[in-house]
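Novice: Could you have a look at this structure, given as structure tokens, before my questions?
Here, each number is a calculation from the coordinates, and none is a lab measurement. Here the structure is a predicted model, which is why all the values come from computation and not from measurement. Cβ: placed from backbone, ideal geometry, glycine included. Neighbour counts: every protein chain shown.
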Amino acid sequence: MFLTVKGLSKSFDDQEVLKHIDLEIEKGNILTIIGPSGSGKTTLLRCLNALEMPNKGLFTFSDGLEIDFEKMPKKNELTKFRLKSGMVFQSYNLFPHKTALENVTEGPLIVQKREKQAVFKLAESLLDKVGLLDKKYLYPHQLSGGQQQRVGIARALAIEPELMLFDEPTSALDPELVGEVLKVIKDLANEGWTMAIVTHELKFAEQVSDRVLFMDNGYIVEQGPPAQVLKDPKEERTRQFIQRIMNPE
Amino acid sequence: MYLNKLFAITADMGGWELFVNSLWPMIQGGIKYTIPLTLIAFTFGISLALITAIMRLSKYKFLSIPARIYVSAVRGTPMLVQLFIVFYGLGQIGFTIDPFPSAIIAFSLNVGAYASEVIRASILSIPKGQWEAAQTIGMGYSQALRRIILPQATRVSIPPLSNTFISLVKDTSLASLILVTELFRKAQEIAARTYDFMLLYVEAAFLYWIICFLLSLVQDRIENRLDRYVSK
């Protein structure tokens, strides 16, 4: 098990968004999180990176790193925790004042203080992997949404995380640009990356996931292999949700 | 002295000669006092403003409250009164400071307060996603602020800060009231001898206008430079 989460809770003001969630992520596995908006799926993903500070929850990693959010984690522990995973945002959040290449090198070069030549070699190979090496000197506003998101993926990969997190990576994209981003994620899947993906693309979820997790109202309602959860859900709530997405009328 | 000679000559001269002859003393006042006062006070003021803005944004009350009080006090009192407190007030209680340094202190404090609000607003205008993206690549608060947020906030704050700067150029004329012989004080001195108030004060106004016009050209250039990575 790469990561075990026990008793994860998160409230905003007095609204409880995540209610005592237990979660396991296996090394090399791909977990997709689906559910209606407001179900807590994005909050769950953001807690895996401490972008949202959990109120409670014990995180245990395979290498022995253990963080209990009931106590305030130490700053260096938190940084270690954050660098375990790379985050890809719905709205890309590229740094607009930096070129594609600088966006990718910023983490390893400035934060991790790795050796300059190696970082540039890595960054170029990552941009090549997402098919944007020829755009490396362009600024984000000179790139399409799909290209920006692919730079976003390269930037997240550059800190050499063990887990990749995707928060609705295609939701802000024009429909014709969705494919290029999903293709990059599929490539990563084939390389054996451990990933957690929040998405509305059920067909995509079916293709890449090892496990699908359906959330509603702050709980995990159901989880299992995609064929079971998406095709033959046990819970009525899951069935309704999938129906509504497949047949919007 | 040059000025006395000037007054003697201009007594029965036409307006044009007076205009031309008083141009140099006023420009001297500008070069020796108005422009240095503006540049020095703005440099100190902006540094103070950056510190104040970051303090005000802090979650710690012992940092944010003093910053709030400072901004409120400076914005709530007239510039001229602040100038008089630093020069005459401090002088009376034993901290005698020369006119020029007094003006630098007062104007720096003034700019620091006003510009801190501009800087604070421009930091707040940067989308939250930028902080978050910085965080996910491992940056702490100060690193994210320095490398990701401030460079973007700078671009946002150039137009309003240029406003502050141009206001400062004009406000330095108040320093004439604490005996700094800057541009406007020169105009006053000549006018007191020749009684050509209209001509000399319009001439002073004209010189301020030229300075501010040149500055607005500089502003355009800076904006264009920083525009290269801003989406349109």
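Novice: How long, wide and thick is region A:40-155, going by the Cα atoms along their three principal axes, in whole angstroms, largest first?
Specialist: Here the spans come out as 46, 34, 24 Å, largest first.
Novice: What are the ³J(HN,Hα) couplings of region B:193-201, residue after residue, when phi is run through the Karplus curve with 6.51, -1.76, 1.60 and θ = phi - 60°? Round to Hz, x for glycine and proline.
Specialist: Per-residue couplings from phi come out as 8, 9, 6, 8, 4, 4, 4, 6, 6 Hz.
Novice: May I ask which residue of A:ILE153, A:PHE120, A:ALA189 lies farthest towards the positive end of the charge dipole of chain A, with charges of +1 (Lys, Arg) and -1 (Asp, Glu) on Cβ and the Cα centre as origin?
Specialist: A:PHE120
Novice: Mind checking the full-extension length gain between B:LYS61 and B:TYR201? Use 0.36 nm per residue of separation minus the Cα-Cα distance, one decimal, nm. Don't skip to the end; give the middle numbers.
Specialist: Working: separation 140, 0.36 × 140 = 50.40 nm, distance 4.80 nm.
45.6 nm is the gain from fully extending B:LYS61 to B:TYR201.
Novice: For region A:235-241, in order, what is each residue's ³J(HN,Hα) by Karplus, 6.51 cos²θ - 1.76 cosθ + 1.60 with θ = phi - 60°, in whole Hz (x at glycine and Pro)?
Specialist: Per residue, the Karplus-derived 3J(HN,Hα) values read 8, 4, 4, 5, 4, 4, 4 Hz.
Novice: I need the calculated FRET efficiency for the pair B:ARG193 and B:ARG221, taking r as the beta carbon distance and R₀ as 51 Å, to the nearest 0.05.
Specialist: Efficiency computed from Cβ-Cβ geometry: 0.80.
Novice: Still on this model: Computed FRET efficiency, Cβ-Cβ of B:THR96 and B:ILE40, R0 25 Å: what is it to the nearest 0.05?
Specialist: 0.80
Novice: On to the next question. For B:ARG185, A:ARG150, B:ARG155, what's the fewest-to-most ordering of other Cβ within 10 Å of each Cβ?
Specialist: Working: B:ARG185 22, A:ARG150 29, B:ARG155 19.
Going from sparsest to densest Cβ surroundings: B:ARG155, B:ARG185, A:ARG150.
Novice: Pairing the Cα long axis of helix B:99-124 with the longest principal axis of chain B, what angle in degrees results, from 0 to 90 and rounded to the nearest 10?
Specialist: The angle comes out at about 30 degrees.
Novice: Please average, across the residues of B:128-134, the number of beta carbons from any other chain that are within 10 Å of each residue's own beta carbon, and give a whole number. It would help to have the intermediate numbers written out before the result.
Specialist: Numbers: counts 1, 6, 5, 2, 7, 15, 6.
The shielding value for this peptide is 6.
Novice: So for each of A:108-119, A:76-87 I average, over its residues, the number of other beta carbons within 10 Å; can you give me the resulting order with the highest mean first?
Specialist: By packing density, highest mean first, the sequence is A:76-87, A:108-119.
Novice: Would you mind checking which residues have amide H under 5 Å from A:GLU222's amide H? H placed 1.01 Å from N; only 5 or more apart, or other chain.
Specialist: Hits under the 5 Å cutoff: A:PHE214.
Novice: Please compute the alpha carbon radius of gyration of chain A, then divide it by the globular-protein estimate 2.2 N^0.38 Å. Two decimals is fine.
Specialist: Working: Rg = 18.1 Å, N = 249, 2.2 N^0.38 = 17.9 Å.
Scaled against compact globular proteins, the figure is 1.01.
Novice: Helix-derived [θ] at 222 nm for the protein assembly as shown: sum -39500 (n - 2.57) over DSSP H runs of at least 4, divide by residue count, nearest 500?
Specialist: Values: 19 runs with 255 residues, N = 481.
One gets -17000 deg cm²/dmol as the mean residue ellipticity at 222 nm.
Novice: Would you mind checking the pairs A:LYS56/A:LYS231; A:LYS6/A:LYS27; A:LYS41/A:LYS136; A:LYS41/A:LYS183; A:LYS10/A:LYS84 and listing those with alpha carbons more than 26 angstrom apart?
Specialist: Numbers: A:LYS56/A:LYS231 33 Å; A:LYS6/A:LYS27 17 Å; A:LYS41/A:LYS136 33 Å; A:LYS41/A:LYS183 23 Å; A:LYS10/A:LYS84 21 Å.
Checking Cα-Cα distances, A:LYS56/A:LYS231; A:LYS41/A:LYS136 exceed 26 Å.
Novice: Percent of alpha carbon pairs in region B:113-232 separated by more than 25 Å? Please report the intermediate quantities before stating the final value.
Specialist: Values: 3272 of 7140 pairs.
Roughly 46 percent, once rounded to a whole number.
Novice: A:THR194's amide H: which non-local residues (gap 5+, or another chain) put their own amide H closer than 5 Å, with H modeled 1.01 Å from N in plane and none for Pro or chain starts?
Specialist: The answer is A:GLY28, A:MET164.
Novice: Let me ask another. Can you give me the Cα centroid spacing of region A:1-63 and region A:136-191 in angstrom?
Specialist: Between the Cα centre of region A:1-63 and that of region A:136-191, the gap is 22 Å.
Novice: Please report the antiparallel percentage of DSSP beta bridges with both residues in the protein assembly as shown, rounded to the nearest 5.
Specialist: Details: 20 of 37 bridges.
Among the beta bridges of the protein assembly as shown, antiparallel pairing accounts for roughly 55 percent.
Novice: Provide, as a two-decimal number, the C-alpha radius of gyration of region B:2-229 over 2.2 N^0.38 Å, N being how many residues it has.
Specialist: On the way: Rg = 21.5 Å, N = 228, 2.2 N^0.38 = 17.3 Å.
Against the empirical 2.2 N^0.38 Å value, I get 1.24 for region B:2-229.
Novice: For a quick size check, give me the Cα extents of region A:1-47 along its three principal axes, largest first, whole Å.
Specialist: The Cα atoms of region A:1-47 stretch 36, 21, 13 Å along their principal axes.
Novice: Please give the contour-minus-distance gain from A:LYS6 to A:ASP232: 0.36 nm per residue of separation, less the Cα-Cα distance, rounded to one decimal in nm.
Specialist: Working: separation 226, 0.36 × 226 = 81.36 nm, distance 2.74 nm.
Net length gain for the segment: 78.6 nm.
Novice: Amide H of B:THR181 versus every other amide H placed in the peptide plane: which residues, excluding those fewer than 5 positions away on the same chain, fall under 5 Å?
Specialist: Answer set, sorted by chain and number: none.
Novice: Next question. With a cap of 14 neighbouring Cβ atoms within 10 Å, and only residues DSSP puts in a loop, list the chymotrypsin sites (Phe, Trp or Tyr not before Pro) found in region B:38-132. Before the final figure, lay out the partial values.
Specialist: Numbers: sites: B:PHE42, B:PHE44, B:TYR60, B:PHE62, B:TYR70, B:PHE84, B:PHE87, B:TYR88, B:PHE95, B:PHE107, B:TYR114, B:TRP131; in loops: B:TYR60, B:PHE95.
Of the chymotrypsin sites (Phe, Trp or Tyr not before Pro), the ones in loops of region B:38-132 whose Cβ has at most 14 other Cβ atoms within 10 Å are B:TYR60, B:PHE95.
Novice: Something else: Can you compute the radius of gyration and Dmax for the protein assembly as shown, using only the Cα atoms, both in Å?
Specialist: 31.1, 106
Novice: Hey, got the average number of other protein chain Cβ atoms within 10 angstrom for residues in B:147-154?
Specialist: Shielding by partners across B:147-154 averages 3.
Novice: In addition: Can you work out the Karplus-derived ³J(HN,Hα) for every residue in region A:208-225? Use 6.51 cos²θ - 1.76 cosθ + 1.60 with θ = phi - 60°, whole Hz, and x for glycine or proline.
Specialist: So the Karplus estimates, Gly and Pro as x, are 9, 6, 8, 8, 10, 10, 9, 10, 8, 6, x, 10, 8, 7, 7, 8, x, x Hz.
Novice: Assuming R0 = 25 Å, can you tell me the calculated FRET efficiency for the pair A:ASN247 and A:GLU206, based on Cβ-Cβ distance, to the nearest 0.05? Walk me through the numbers before you get to the answer.
Specialist: Values: r = 16 Å, r/R0 = 0.65.
Using R0 = 25 Å, I get an efficiency of 0.95.
Novice: Among all lysine pairs in chain B that are eight or more places apart or on different chains, how many have alpha carbons less than 24 angstrom apart? Please report the intermediate quantities before stating the final value.
Specialist: Values: B:LYS5/B:LYS32; B:LYS5/B:LYS186; B:LYS32/B:LYS170; B:LYS32/B:LYS186; B:LYS59/B:LYS128; B:LYS61/B:LYS128; B:LYS128/B:LYS232; B:LYS170/B:LYS186.
For chain B, qualifying lysine pairs total 8.
Novice: Here is a follow-up. Please average, across the residues of B:137-145, the number of beta carbons from any other chain that are within 10 Å of each residue's own beta carbon, and give a whole number.
Specialist: Details: counts 18, 12, 6, 4, 0, 0, 2, 1, 0.
Per-residue shielding by partner chains comes out at 5.
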